[in-house]
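Step one of this worksheet: look at the structure below.
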Amino acid sequence: MPGAPESIPPFVVGHSQDVESLCAGDASRLELRCLDRDPATESHRLSLKAGGLLPEEQDLLHASSGAHLEEQGSNVVLSLSPKALAALAKRSTLGRLLAQCTRASLRPNRAPWIMGIVNVTPDSFSDGGLWLDPAKAIQHGLQLVEEGANLLDIGGESTRPGAQAVSEADELQRVVAVIEGLAVRTKIPLSIDTTKTAVARAALDAGASWVNDISGGLQEDGMLPLVAERGAVFVAMHRQGNSATMQLDPTYKDCPQEVCEHLRERVGACLAAGIAPDKLVLDPGIGFGKTLRHNLELMDRLRELRSLGAPILVGPSRKAFIQQLTGASQGSDSQLSERLGGTAAAVSLCIDRGAQGFRVHDVRMMVEAAKIAHAITCPTTTA
């Protein structure tokens, strides 16, 4: 039976060398992140772990014209002019690592891609029960393709706060037939949204080529080796806690920084398991163990995650943070349409912060929002 393409789609551009280097020993020792870039001077600001620099690295930076170090709590903020960065990159391993970090954090020069959601569940927060019948789920997926989805994410277990766990047998029964049906009707990649190795294996057999794991491969030991063996694309997400506990009392000292370091560790684990660098996608996990403030900080500081070198997938679609900010309805699927404006705003601003992909319910509108936002933020690559 023919399946979806097994390679990462051309609209996702990984930074293979950056991913490997930025998750190697030096980057982990430094907890290296790219904070931002001054549009007027093009100088970069990077965050390093206080005490992480070796003495010879400190001497090198202090002696560099156009480099400035400033201690900020447990971190050191390094400001680098383009000239200083170029000179350092020619002279040292540290300079090359800094250059890779800044390059990876820049806005993607390709149009964002849209992952359409196909929930084959009775209890998802937005559309639970609508597509539980396989025939309806397949038709819904095909409709999302017509609306412009670049890939589809099929899930058989709700991951909303408070959701009940689903057995492996029930999850398999829900998703396999849908993936098989879509695989023979569309050529776009299909993703399985699961934390279970057996479900991922069956989905890949049925025609999926992506595995979207909200635990980042932590829930089951067999997940990362399976993905590596099959050459699938792996989406590693951050969450704090699980569906039963994640929204009880989410706590961070610095949410974006902690999410960045967690995902750096996950990338390292993926590479160690044999997953190719250009088959990795990272998801900060909006709404998964985060308060309103945490979600807003994460979306504002996505560029720090981009500096890990892998594409960033964001899932803001119809999430509770929109209701918290606007008072939009919490009820039925039709009422959740009140959250479309908020979703489109989040998609647009996340593009400006470097996001490359979006997992959404309302594909047609988000395709339009993404195109306009990308054209504004990257006009030279659009015309």
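Shown here for the stretch 234-292: trypsin sites (Lys or Arg not before Pro) in loop regions (DSSP other than H, G, I, E, B) with at most 13 other Cβ atoms within 10 Å, namely 253.
Between 177, 194, 341, the Cα set farthest toward the positive side of the dipole of the chain (charges on each charged residue's Cβ, about the Cα centre) is that of 341. Once C-alpha pairs closer than 8 Å and six or more residues apart are averaged by separation and normalised to the residue number of the chain, the relative contact order reads 20 percent.
Fully extending the segment from residue 345 to residue 70 would add 95.6 nm, taking 0.36 nm per residue of separation and subtracting the current Cα-Cα distance. Within the stretch 270-309, all pairs of alpha-carbon atoms sorted by distance into 5 Å bins from zero give the percentages 5, 20, 24, 19, 14, 12, 5, 0.
Distances longer than 15 Å among the Cα atoms of the stretch 16-105: what percent of all pairs is that? Result: 54 percent of Cα pairs exceed 15 Å.
Taken about its Cα centre, the stretch 16-105 carries a charge dipole of about 220 debye when Lys and Arg each add +1 at the Cβ and Asp and Glu each add -1 at the Cβ. Farthest toward the positive end of the dipole of the chain, out of 216, 65, 276, is the Cα of 65, where the dipole comes from beta carbon charges about the Cα centre. Taking the Cα centre of the chain as origin and assigning +1 to Lys and Arg Cβ atoms and -1 to Asp and Glu Cβ atoms, the resulting dipole is close to 840 debye. By the count of other C-beta atoms within 10 Å, a proxy for reagent exposure, 319, 187 are ordered fewest to most as 187, 319.
Neighbour counts of other Cβ atoms within 10 Å put 190, 94 in the fewest-to-most order 94, 190. Between the helical axis of 82-91 and the longest alpha-carbon principal axis of the chain there is an angle of about 80 degrees. Hey, if you put +1 on the Cβ of every Lys and Arg and -1 on every Asp and Glu Cβ in the stretch 11-56, which of 15, 34, 51 ends up farthest toward the positive end of that dipole? Looking along the dipole axis, the top candidate is 51. Remark: the Cα gyration tensor places the stretch 113-382 in the rounded category, a/c being less than 1.5. Charging the Cβ of each Asp and Glu at -1 and of each Lys and Arg at +1, and nothing else, the dipole of the stretch 243-331 about its Cα centre rounds to 200 debye.
Here, each number is a calculation from the coordinates, and none is a lab measurement. Note that the structure is a prediction, hence the values are computed from the model and not measured. FYI the Cβ positions are ideal-geometry reconstructions off the backbone, even for glycines, and counts take in every protein chain you see.
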